Every structure is written in C-alpha cells, then in structure tokens.
Ligand code: AMP
C-alpha cells in the first residue's frame, strides 16, 4: 500500500503514521523526522534546514524532495510506504509525481482538526518549534502552502478525510475504516 498522510501540525500524523506502518508493514517516511535527525547530526543538510525548521517555515523544496527521492529509491521494489509530512506544497507534489516510486499513491489520508484544538495540543508537547507563536506561524504556513493539496488530491479521487478529534485509538479506528472501505471498493 502506498499512502500519504496529510494534515495540519498537531493533528497526530506522527503517532498515527507509526501505528499504521506497524500494523500494515509499511515503511514510514517522515520528512520532519529526517530533517530533525539531520539537524541533530549537524550534517550539511541539517545546517541548511535548521533556520527554516526552527522558525516554522518550510525547508527548501529541493532539499526535501531530494531527501524523499533518495529514500524512496532505496526501498525494495514493491515495498509499501507511508509519506508523513510530504508533500507539503504543490511543487513537492509535482516532484513526487515525477519520482519513479512516487506514482501509484492509492490513498491520501487527510486528518482534519480545527486550529484551536491544534494550538491546545501542540503547546503542551515541548518540541523546540512548538512555542505558541511558532505554532500559529506553522498553521498559517499550512493554510497557505499545504491546504491546496487537499483540493488537488480530492480532484484526483485520492482524498480520504478522517476526523482527528478524540483519542489515538479512536482516530486509528477511523483511519482503518476508511482504508478498509476503499479496499472493499477496489475489490468490488
Ligand atoms: P513535521 O514533523 O511534519 O511537523 O515537520 C516539522 C518541520 O519540518 C516543519 O515545520 C518544516 O519546517 C519541516 N518540514 C517537514 N516536512 C517538510 C516538507 N515536506 N517540506 C518542507 N519542510 C518540511
């Protein structure tokens, strides 16, 4: 299965991604995790990405798309994967479409959560880019850059909206249901 997990910061993408990947044996590819690891390791990529990530801005498309292309290219043929946090804008979506392994995305799971709930959740998390002003900025970046992907994937028939309120278990259950329903449709 090839999936994209889309949603605003704080909607629970990372948590749900880990669960889904464990349950369905998918490779979890989180650009946020990859960038944070590069920053911690002070690699060239990390040093370049640091200022963007700390300020809650998107790292440059060429950096992130190259990172994803490299990871996808190294997967065994036919391996299932889940993209968590990528693509983040229309340019990255076009980059993904141009990658040999980037075609054939079956579902774009869209976690839906309103801004106030997001700020409430994130400001309790303790990550460096989770200060309230940075969170609000990341939400604005999401609305401007990432939200247009929702319409784009909807028009391609790939979007599966999931209510991200409630507990981790409840949300996981909803995701399981939409993916299950889609598989049934595909079989029918
Ligand atoms: P996340 O872990 O997905 O919330 O991402 C944390 C931060 O990493 C974002 O606020 C961006 O600064 C950066 N980042 C993650 N994914 C991307 C991406 N696909 N494109 C650009 N920047 C990204």
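Show that you can apply the helix-only estimate: for the chain, add -39,500 (n - 2.57) for every DSSP H stretch of four or more residues, divide by all residues, and state [θ] at 222 nm to the nearest 500. Could you put the intermediate results ahead of the total?
Values: 9 runs with 104 residues, N = 188.
Mean residue ellipticity, 222 nm, calculated: -17000 deg cm²/dmol.
Rounded to 0.05, the FRET efficiency of the residue 114 and residue 178 pair, given R0 = 22 Å and the Cβ-Cβ distance, is 0.65.
Residues 146, 123 in ascending order of nearby Cβ atoms (within 10 Å, fewest first): 123, 146.
Panel note: the C-alpha atoms of the chain, placed on their principal axes, show extents of 49, 36, 29 Å (largest first). You can think of it this way: the chain between residue 150 and residue 75 has 24.3 nm of extra reach, that is 0.36 nm per residue less the Cα-Cα gap.
Full extension of the chain between residue 33 and residue 61 gives 8.5 nm of extra length, using 0.36 nm per residue less the Cα-Cα distance.
When 6, 26 are arranged by Cβ crowding within 10 Å, least crowded first, meaning fewest neighbours, the order is 26, 6. Neighbour counting of Cβ atoms within 10 Å sorts the residues 81, 86, fewest neighbours leading, into 81, 86. Once the C-beta distance of residue 51 and residue 140 is scaled by a Förster radius of 22 Å, the resulting FRET efficiency is 0.80 to the nearest 0.05.
Specify whether the C-alpha gyration tensor of the range 84-188 places it in the rounded, prolate or oblate class, a ≥ b ≥ c being the square roots of the eigenvalues: rounded for a/c under 1.5, otherwise prolate if a/b is larger than b/c and oblate if not. Oblate is the answer for the range 84-188, as a/c is 1.5 or above yet b/c matches or exceeds a/b.
Its relative contact order, with pairs defined as Cα atoms under 8 Å and 6+ residues apart, puts the range 26-71 at 32 percent.
Values quoted throughout were computed directly from the atomic coordinates according to the rules given, and no laboratory measurement underlies them. Treat the numbers as computed from the prediction; the structure is a model and nothing was measured. No Cβ is skipped: glycine too gets one built from the backbone with ideal geometry, and neighbour counts run over all protein chains shown.
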